[in-house]
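I have placed the structure first, in the form of C-alpha cells, so that the comments after it can refer back to it.
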Amino acid sequence: MKLSDFDFELPQELIAQHPPAARGQSRLLVCNDPIEDHRFPHILNLLKPNDVLVVNDTRVLKARLAGQKESGGKIEVMLERILDDRKFTAMIRASKSPKPGTNVILAGVAKARVLAKHDMMYELELLQEDQTPCCSLHELLEQHGQLPLPPYIEHAAGQEDDERYQTVFAKEPGAVAAPTAGLHFTDDLLSQVQASGVKLLNLTLHVGAGTFLPVKTDDISQHVMHSERYSLSGGLIQSLIEAKRSGGRIVAVGTTSLRALEAWASETGCDLNTPLGLNRAEDFVQNGHSGDTQIFIKPGFVFKVVDCLITNFHLPKSTLLMLVSAFAGKDRIFEAYKHAVAQNYRFFSYGDAMWLEQIRIQHGELTH
C-alpha cells in the first residue's frame, strides 16, 4: 500500500488546541453501521460485564529543555528515553549539531556531555562539577523542563496542560507524549466502569518522540518504526486469559495499549484467539513480560489480543491511521473520518474519541 492511500483533507480549525472545558465531556463517534454520535460517558453502554479495559499508565515527562552549546549557540533538547540516573537519549535541535565529546548546558543549571549519535538520536550524560553532583535527571526535568506538546498544538505548555495532558491514571514516568485516548476518562467514570462488572487493568508503554515522526517512504512496507519500551504484569495477562475463556472482550484504551498487547502476543506466540495461544500465555502469568517493540501495524495485520479500541482521531499519512485502518477496515475508518469532519469533531491529542470494533482476518476472509 502507498502512503497516499492514507491521506485525507482536514480543515485546520478542527485541530483541537486545548482540551474540553471539563475532562470527560468530549464527543464519541461509535464506528458502527450506521455511525452513531454520542458524548464520551456513553462508553458505559458499550462495555459489557466480563470485558477487560486496558489503560496505559505511563506519565509524560517534562521532556523539552532549552539549552546552549559551550560555544554559546542555542539548542533545544527533546528527551527520548532515560537510560539511568544520569544518561539519556534525546533529539537535539540546533543550527549546527553538537559532536560527540562536546558539552552542552541545559536550562542554565546542568552540564551534559554528548557521548554518541545514532541516526537522529543523541546519547548524553549529566556531568558532575567539582565533585558535587548537580540535580538528578528527574529533578532537572521536573524543575526546568516543559511538557512536550505535539507540534500541531500551537501554544507552549502551560499550567492547564500540566494537568490535562496527563491521564488520571498516569503513574509511571517515562513518556514524551500522552496516551491521549486515556485523557477522556475521569475517576468517576472509571469507578462506574468497574461497578458495571468490567475489569480495569493497566500496562505501561512509554510513548517516544518518534511517535510524531512522519512516514517518509511512499511504499509503507519500507517504513521502520521507532522503538518503545513496554511492560505487562502477570496479573494483567491472567485477566486477559480469563476474559477470553469466558467470552469477554479485551478493550484497549488507545493505540499505545493496543501496540503493547499485540507486540507481546506477536513476540511470544500468545495468540489469545486460539487454544494453543491461550495455553502459551499461561507461561507469562508468574513473571509478566517486558521489552522494546518496533511493531508496525498496518492493513493485513492479524490481531491476537484486542477486540475493541477506544482511540482519538489521527493525522493524515500517519502510522496510527494505518493501525486503526488495519483494526476496523480502511473503508470504514475513512467513512468515519469523513463523517467526523462533516460533523465538526475535534481532532488529534486534545480532540474527540472513537469506539472501534475489530474486523478479523481469517484465512483471507473478513469477519466481524
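The values are calculated or read from the model by the stated rules, or taken from the named source; none is laboratory data. Only a predicted model underlies this, so the values are computations on that prediction, with no experimental measurement involved. FYI the Cβ positions are ideal-geometry reconstructions off the backbone, even for glycines, and counts take in every protein chain you see.
Below is a table of values for the structure above.
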read-out: Within the stretch 342-362, considering residues that are among the hydrophobic types (A, V, I, L, M, F, W, C) and within 23 Å of the chain's Cα centre (by Cα), the one nearest to CYS308 (Cα to Cα); value: LEU356
read-out: Failed condition for LEU140, given (1) out of contact with any Asp or Glu (no Cβ under 8 Å at 6 or more places or on another chain); (2) of a type outside the set (Val, Ile, Thr); (3) within 25 Å of THR311 (Cα to Cα); value: (3)
read-out: Flag for GLU172 being acidic (Asp, Glu) and farther than 30 Å from ALA22 by Cβ; value: no
read-out: Residue that is surrounded by the fewest Cβ atoms within 10 Å (Cβ to Cβ), among those in the stretch 275-332 that are in contact with a Leu (Cβ under 6 Å, 6 or more places away or on another chain) and in a strand (DSSP E or B); value: HIS289
read-out: Exclusive hit being within 27 Å of TYR165 (Cα to Cα) and modelled with pLDDT of 95 or more, set PHE303, PHE327; value: PHE327
read-out: Test: residue in the stretch 91-100 that is closer than 26 Å to THR58 by Cβ and buried (at least 16 other Cβ atoms within 10 Å of the Cβ); value: yes
read-out: Condition met for ASP33 (in a loop (DSSP other than H, G, I, E, B), assigned by TED's automatic domain parsing to the domain that holds HIS206, more than 19 Å from PHE348 (Cβ to Cβ) and at pLDDT below 95); value: yes
read-out: Residue in the stretch 80-95 that is closer than 20 Å to VAL207 by Cβ, touching a Ser or Thr at 6+ places or on another chain (Cβ under 6 Å) and not aromatic (Phe, Trp, Tyr) present; value: yes
read-out: Residue in the stretch 333-349 that is more than 28 Å from ARG164 (Cα to Cα), surrounded by fewer than 22 Cβ atoms within 10 Å (Cβ to Cβ) and either in contact (Cβ under 8 Å) with a residue 24 or more places away in the chain or not assigned by TED's automatic domain parsing to the domain that holds GLY210 (or both) present; value: yes
read-out: Tally of residues being closer than 23 Å to ALA177 by Cα and not hydroxyl-bearing (Ser, Thr, Tyr) across the stretch 213-246; value: 11
read-out: Filter pass, ASP271 being surrounded by fewer than 18 Cβ atoms within 10 Å (Cβ to Cβ) and of a type in the set (Asp, Glu); value: no
read-out: Candidates ALA21, ALA16, filtered to the one that is closer than 19 Å to VAL168 by Cα and aliphatic (A, V, I, L, M); value: ALA21
read-out: Residue satisfying all of: in the stretch 61-80; in contact with an Asp or Glu (Cβ under 9 Å, 6 or more places away or on another chain) and crowded, with 20+ Cβ neighbours inside 10 Å; farthest from PRO179 (Cα to Cα) among these; value: GLY67
read-out: Yes/no for ALA116 being of a type in the set (Gly, Ala, Ser), in contact with a strand residue (DSSP E or B) (Cβ under 8 Å, 6 or more places away or on another chain) and within 17 Å of LEU141 (Cα to Cα); value: no
read-out: Residue check for LEU14: surrounded by fewer than 16 Cβ atoms within 10 Å (Cβ to Cβ), closer than 30 Å to ILE333 by Cα and hydrophobic (A, V, I, L, M, F, W, C); value: no
read-out: Test: residue in the stretch 162-182 that is surrounded by fewer than 21 Cβ atoms within 10 Å (Cβ to Cβ), among the charged types (D, E, K, R) and within 20 Å of GLU76 (Cα to Cα); value: yes
read-out: Pick from the stretch 183-219, criterion of a type in the set (S, T, N, Q) and within 22 Å of LEU79 (Cα to Cα), ranking: modelled with the highest pLDDT; value: THR204
read-out: Subset of the stretch 8-50 (residues that are without any contact (Cβ under 8 Å) to a residue 12 or more places away in the chain and in contact with a Leu (Cβ under 7 Å, 6 or more places away or on another chain)); value: HIS38
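Okay, residues lined up against (1) small (Gly, Ala, Ser); (2) free of Cβ contacts under 8 Å to residues at least 40 places away in the same chain; (3) in the same structural domain as TYR350 (by TED's automatic domain parsing):
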{"residue": "MET120", "(1), (2), (3)": "no, yes, no"}
{"residue": "SER136", "(1), (2), (3)": "yes, no, no"}
{"residue": "TYR165", "(1), (2), (3)": "no, no, yes"}
{"residue": "PHE169", "(1), (2), (3)": "no, no, yes"}
